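Please treat every number below as a calculation from the coordinates, not as lab data. All values derive from a computational prediction rather than experimental measurement. As a convention, Cβ positions derive from the backbone with ideal geometry for all residues, glycine included, and neighbour counts pool all protein chains shown.
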Amino acid sequence: MSLEQTEEEQIEALKGWLRKNGSALILGLALGLAAIGGYRFWVDYQGGQSQKASIVYSNMQNYLISGDQAGVFAVGKQLVELFPGTPYAALAALGMARMSVESHSLDAAEVHLRWVIKNANEDGLKNIARLRLARVLAAEKKYDAALGLVNQSNQGSYTSLYSEIRGDILVAQKQPEQARSAYQQALNTIAKDDRRRAFIEMKLNNLPAIDSAQG
């Protein structure tokens, strides 16, 4: 068999394969292009949603600054309901939680903070919500639940804050030695130029001495 014949046979074989599988090949290509187009549409859609949400959130910031609770909750609920997949929805929920705390509605604050923990896509926002929720629970004297939040492992760059709040909760539980350990851990993990260092040192120094605590 000559080389020319082999090439001709290969060409004919390819033509035959295309006749049999051409439809599937075209369909696969179409689906691939559709997937790419769908992804681009999704990216554009998400970008558009985020841009719209940012405009709405800027209005909410004005209400937060002025202390307009009605405005905060009206716009905040709009962000959470219409733009739940954006960071602005989580920021709105944090803002509503803050307003709830200021109006002594700790149950409502807990609801908003748990929404952030469950729905936020950014670990940083989840950590902020956990830390604030731990303080809310401690204020309600739900100490075990509060400790459960600050003892979780995924602390990211918030380790010193988790340790500090753990110390605060342990102080409230009248466990000064455990609190001392928590505050010391907070100092060990905080930057030397962080302004919070002085406050943590003050908390540590205000703990009762070991002998008096045991007595």
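If you go through the stretch 163-190 one residue at a time, how many are over 17 Å from Ala145 (Cα atoms) and under 23 Å from the mean Cα position of the chain (by Cα)?
Result for the stretch 163-190: 3.
Tell me, yes or no, whether the stretch 157-170 has at least one residue that is of a type in the set (Lys, Arg) and surrounded by fewer than 19 Cβ atoms within 10 Å (Cβ to Cβ).
At the first step, the residues of the stretch 157-170 found to be of a type in the set (Lys, Arg) are 166.
From what is left, the residues that are surrounded by fewer than 19 Cβ atoms within 10 Å (Cβ to Cβ) are none.
Looking for residues that are of a type in the set (Lys, Arg) and surrounded by fewer than 19 Cβ atoms within 10 Å (Cβ to Cβ), one finds none in the stretch 157-170, hence no.
Could you give me the residue pairs with C-beta distances under 7 Å whose first residue belongs to the stretch 123-151 and is of a type in the set (Phe, Trp, Tyr), whose second residue is assigned to a helix (DSSP H, G or I) and crowded, with 22+ Cβ neighbours inside 10 Å wherever it lies, and which are 6+ apart or on separate chains?
Tyr143/Ile169
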